[in-house]
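Bear in mind that the values in this text are calculations on the coordinates, not laboratory data. Every value quoted in this text rests on a predicted model; they were computed, and no experiment measured them. Glycine also receives a Cβ, built like all others from the backbone with ideal geometry; neighbour counts cover every protein chain displayed.
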Amino acid sequence: MSDKKTNEQTAEELEAAAKELREASEQLAAASEQADAAAAQTESLLGAIDALAHTGGPGQFIYLAAIFALACFVGYYVVWSVTPALHTPLMSVTNAVSSVVIVGALIAVGADVAQSPAGGLSRALGVVAVALASVNIFGGFMVTNRMLAMYKKKEG
């Protein structure tokens with residue numbers, strides 16, 4: 001009799017887990033649709049900004065500042081629409097993105113632009129970008145290792 005109860009409880013737990021998995025899948029699909037919509041809007045805005053920049057409109061700084069602002073908005077909406085169950089995979093992707101940021105920042109730091117008026121600013125912003133991306137990568141790996149340690153069997 002207890003085996004039958006245990007089997008019924010296990011079946012109920014499996015059904016509940018399957019339901020949670022379906023809900024998480026639906027949330028992921030909704031987040032993916034939001035990200036696609038945001039990407040489409042961003043692409044159209046970038047096209048408009050690009051056309052404006054190449055027709056004698058605002059200077060290069062305004063163009064790049066607009067791209068940065070749009071990237072911030074897209075990043076915000078993509079990251080905050082992710083379910084907690086997908087946090088660890090998102091963290092690993094964030095670490096990968098930060099490693100690309102470090103490569104770009106190192107190029108900015110080492111670029112031979114000292115003769116240009118923006119040379120010092122480029123180098124300073126490159127150093128700041130390297131520092132911030134390094135903190136992000138290091139913290140991401142610490143959090144990931146800590147989360148993975150929760151799944152290891154404890155000795156003793």
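Between VAL103 and GLU12, the modelled label-to-label distance comes to 5.3 nm, taking each label 7 Å out from Cα in the direction of the beta carbon.
Remark: the ALA96-ALA40 segment gains 17.8 nm on full extension, using 0.36 nm per residue and subtracting the alpha carbon distance.
Computing FRET efficiency as 1/(1 + (r/R0)^6) for ALA30 and ARG123, where r is the C-beta to C-beta distance and R0 is 25 Å, gives about 0.05.
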